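Structure, as structure tokens:
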Amino acid sequence: QYVICQDQTISIFIDVLVTRLTLQYIINLLLISQLELPTFKDLSKNYFGYKHKGSHGYSNLEIFAIIGKAPLPQEHKEDTTALRLSLAFNKIGGEHRLGSDEIHISKSHDHDSVLGRDGQQYIFRTTSYGPFLAMKYKSPQLIRIDPMDSEKPVRTITGRQGIVRFVTFHNKNKHADARIALWDCDHLYETRELNKMHHLISVEFWELPGI
């Protein structure tokens, strides 16, 4: 009886070990299968910056005209940060394109992207862009806001190039919001001063690879 119990214990141990190894193998495959983000050079040269940041910038209406086709929900027509980044990814092309299938990430919304005239999807909901980047590329560096150290986020990413997302909370409507942009060493690249938003909760940073 003792031998049988011992064999059963060994069998259970082996099953658990195999299961853990299998799960680890799957996790490793998922990690390996994630794409590497484009370089800052590629993203910045394909980025459609704001008009007030220079003669080559684009207004929101011009961004809508470039993408074409599907209309945006009214509440997202003022914030085009997600659309501008989507344009950059789609312009780079290849595996970095957002694809033709509608993107569903938010649980409380029907969709998070619109179809452009080029047949590619364009994410317009900034609250969904963080999870999208995390799933396709990698998780961001999370910088929590310290009320006693307001310069912490900028200090943390100074000297680096990447994608930065500012996550906020609106007390009035009781919902989270976000803005997303390119960060170039010590400033936002061709973008409004998004880091001055009220009720900032956290900053997420995806460092971009070198050339």
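Nothing in this text is a laboratory measurement; each read-out follows from the coordinates by a stated rule. Note that the structure is predicted; figures quoted are calculated from it, not measured. Cβ: placed from backbone, ideal geometry, glycine included. Neighbour counts: every protein chain shown.
For q values of 0.14, 0.22, 0.29 Å⁻¹, compute log₁₀ I(q)/I(0) with the Debye formula on a Cα-only model of the range 90-156, without solvent. For the requested q values the scattering log ratios are -0.56, -0.95, -1.29. When peptides 152-163, 94-105, 40-51, 119-130 are ranked by their average number of other Cβ atoms within 10 Å per residue, the highest-first order is 119-130, 40-51, 152-163, 94-105.
Computed extension length for SER139-GLN34: 36.8 nm, one decimal, from 0.36 nm per residue of separation with the Cα-Cα distance subtracted.
For ARG165, neighbours were defined as the other residues whose beta-carbon sits under 9 Å from its Cβ, and their charges (Lys and Arg +1, Asp and Glu -1) total 0. Report the net charge of residues surrounding ASP146, where surrounding means a beta-carbon distance below 11 angstrom and charges are Lys +1, Arg +1, Asp -1, Glu -1. Net charge in that neighbourhood comes out at +1. So, R0 is 30 Å and r is the distance between the beta-carbons of ASP146 and ASP118; what FRET efficiency does that work out to, to 0.05? Efficiency at R0 = 30 Å is approximately 0.10.
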